[in-house]
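Worksheet: one structure, shown below.
Values in this text are rule-based calculations from the coordinates and carry no lab data. Computed from a prediction, not measured in an experiment: that's the story for all the values here. Glycine gets a Cβ as well: all are built from the backbone with ideal geometry, and neighbour counts include every protein chain shown.
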Amino acid sequence: MAHIDLRDLDDDDLDAVGALLSDPDEVAPPGVDAADREGLDQWVARRRADPDATILVVTESGGFAGAAAAYTLDGEREVAWWIASHARGRGVGADAVRLLAALEPERPLYARVSASEAPPEAMLERIGFTEVTPSAGRPLRYVLPPTLE
C-alpha cells in the first residue's frame, strides 16, 4: 500500500493544484476560478496569510496526489480536500482526511460535500463523520463530533 502524507504547500505545487482544481470532477473552493491562475495564486496567498487557515499537499509515496485545507467559516472549523484523478478510489482521500483531522484539535470539525459526490459521502461516514445537513440543504454537511476521553 502506498504511503499517504500531508506536507506544507510550496510555490512549486501551484501548477499541480491549478490542474487539479481545473478537473471537471473536482469542486474548486468558493471564490476560486481554477482557470484563472492569478486568482488561484491570490486565493493561496490569502490562505497563507491567514493564521487560522492551513493549506497542505496530499502526497502518495512522495508524489503529488491532491490538496487539503482547514479553515474557520462562520465560526466553525472545516476541512476540505481535493484528490487528483490518478489517486481516487484507493483510499487516498480517506487517509488524507484522517491525517488532516488528526492535525486539527478543534471539535466539532465540519466538512461539506457536493450533493452529487457519493464516494466522499461514504468515506466521511466510514471515518467517523455524521451527516448534519438541514433537510433541504445543499451541499451536504458532515460533522466529526467531539470524542469522549
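If we count every other residue with Cβ under 11 angstrom of residue 3's Cβ, Lys/Arg +1 and Asp/Glu -1, where does the sum land?
With Lys, Arg at +1 and Asp, Glu at -1, the neighbours total -3.
Counting Lys and Arg as +1 and Asp and Glu as -1, what is the net charge of the other residues whose Cβ lies under 14 Å from the Cβ of residue 71?
Summing Lys/Arg as +1 and Asp/Glu as -1 gives -2.
Taking only Cα atoms and a 10 Å spring cutoff, compute GNM fluctuations for the chain and point out the largest among 83, 55, 127.
So, out of 83, 55, 127, the one fluctuating most is 127.
For the chain, just run the numbers: alpha carbon Rg, then divide by 2.2 N^0.38 Å, N being how many residues it has.
1.00
Among DSSP beta bridges whose residues both lie in the chain, state the antiparallel percentage, nearest 5.
Here the antiparallel bridges make up roughly 95 percent for the chain.
Once the piece of chain linking residue 98 and residue 52 is laid out straight, how much longer is it, given 0.36 nm per residue of separation minus the C-alpha distance between them?
That works out to 14.6 nm of additional length.
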